[in-house]
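Everything on this sheet refers to the single structure shown next.
Please treat every number below as a calculation from the coordinates, not as lab data. The structure presented is a predicted model; accordingly, all values stated were derived computationally and were not measured. All Cβ positions, glycine included, derive from the backbone under ideal geometry; neighbour counts span all protein chains shown.
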Amino acid sequence: MTAPDPGTSALELRAVTKRYGTGQGGQVTAADDVTFTIEAGAFVALTGASGSGKSTLLHMIGALERPDSGVIISGGTEVTALRGAAQADYRRTVGFVFQRYNLLPALTALDNILAPVLPYRTSWDKRQRATQLLAAVGLAGREHSLPARMSGGEQQRIAIARALINTPALLLADEPTGNLDSATATDILDLLARLRAEHQMTIVLASHDPQIAARAERLIRLRDGAVIDDIQLTKDRPVQDIIRHISQLG
Ligand SMILES: Nc1ncnc2c1ncn2[C@@H]1O[C@H](COP(=O)(O)OP(=O)(O)O)[C@@H](O)[C@H]1O
Ligand SMILES: [Mg+2]
């Protein structure tokens, strides 16, 4: 995969809407006419209270779910038009990091990183790449550690390395620091920022925590599935100011 062209759009959502039945005959609008464009190489946070639709958007961008209407274009591919094998191929070009790490407990750290590519033939050396990624997330030498023997922060590092095994141009992270203490959360955000620069990835990170979201370059805020705020965060704007701005919006 070639590096994204800076200035080209990595991701485009046009009027994306998704509704779920509530089981009592009602409906919830998890994504409400969402339209935005994300430039290649950007670090964007989706924020908003629990239930505002952050995960739903990430799942649709990663082709784990399909919108009821609207179009999603990722890296030039119309994701919403994909079916079957083409959809599965696309999913493998996207890295996904979850709140609960989702490591396989019986596998070592190295085998967890390798797991997504084990069934496939690759033109590159899988073990070599997995070992490099282990070092890139600061865990060189921990090849044989089992998840149960690792801290939450270490497990999330392994999950991030696993998400990078296919050299994704797009990394989707859903509350990746939600289970971590704030010092470890900061380490994980630093790691993501560094990996983004090194691998020239686009990162879309969902977090209900404004302190976490404020680490991104741009903040898209959701309420009831709709975009209610879209702000560019500049280096000279203090984080506290951004958080105050967000909390004023309620
Ligand atoms: N699979 C599902 N079935 C029914 N309702 C869902 C499903 N997934 C999400 N929802 C609902 O959609 C809304 C948005 O959820 P979600 O995207 O998980 O929000 P967030 O990640 O911001 O907490 C919520 O009201 C949630 O209950
Ligand atoms: Mg969520």
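Among all residues of segment 207-218, there is none that is within 30 Å of TYR120 (Cα to Cα) and surrounded by 20 or more Cβ atoms within 10 Å (Cβ to Cβ).
Checking each residue in segment 188-215 for being within 16 Å of ligand 1 (Cβ to nearest atom) and in contact with a Leu (Cβ under 8 Å, 6 or more places away or on another chain) picks out VAL204, LEU205, ALA206, SER207, ILE212, ALA213. Set side by side, the residues THR80, THR122 differ, and just one is within 30 Å of LEU146 (Cβ to Cβ) and either away from ligand 2 (no atom under 16 Å from the Cβ) or part of a helix (DSSP H, G or I) (or both), which is THR122. Of all residues in segment 37-61, those that are within 16 Å of ligand 1 (Cβ to nearest atom) and hydrophobic (A, V, I, L, M, F, W, C) total 8. The residues in segment 166-183 that are buried (at least 17 other Cβ atoms within 10 Å of the Cβ) and among the polar types (S, T, N, Q) can be counted, and the count is 2.
Got at least one residue in segment 141-156 being under 17 Å from the mean Cα position of the chain (by Cα), surrounded by 17 or more Cβ atoms within 10 Å (Cβ to Cβ) and within 25 Å of ILE61 (Cβ to Cβ)? Checked segment 141-156: at least one residue is under 17 Å from the mean Cα position of the chain (by Cα), surrounded by 17 or more Cβ atoms within 10 Å (Cβ to Cβ) and within 25 Å of ILE61 (Cβ to Cβ). Could you list, in sequence order, the residues of segment 54-64 that are closer than 15 Å to LEU205 by Cβ and not β-branched (Val, Ile, Thr)? Correct list: LYS54, SER55, LEU57, LEU58, HIS59, GLY62. Selection of segment 62-112 for residues being crowded, with 17+ Cβ neighbours inside 10 Å, among the aliphatic types (A, V, I, L, M), more than 16 Å from ligand 1 (Cβ to nearest atom) and in contact (Cβ under 8 Å) with a residue 24 or more places away in the chain yields ILE73, VAL94, LEU103, ALA109, LEU110. Which one of these is within 16 Å of ligand 2 (Cβ to nearest atom), within 23 Å of ALA161 (Cβ to Cβ) and of a type in the set (S, T, N, Q): SER74, SER55? On inspection, the qualifying residue turns out to be SER55. Looking across ALA15, ALA10, ALA45, ALA31, one residue alone is exposed (fewer than 15 other Cβ atoms within 10 Å of the Cβ) and either part of a helix (DSSP H, G or I) or in contact (Cβ under 8 Å) with a residue 24 or more places away in the chain (or both). It is ALA15.
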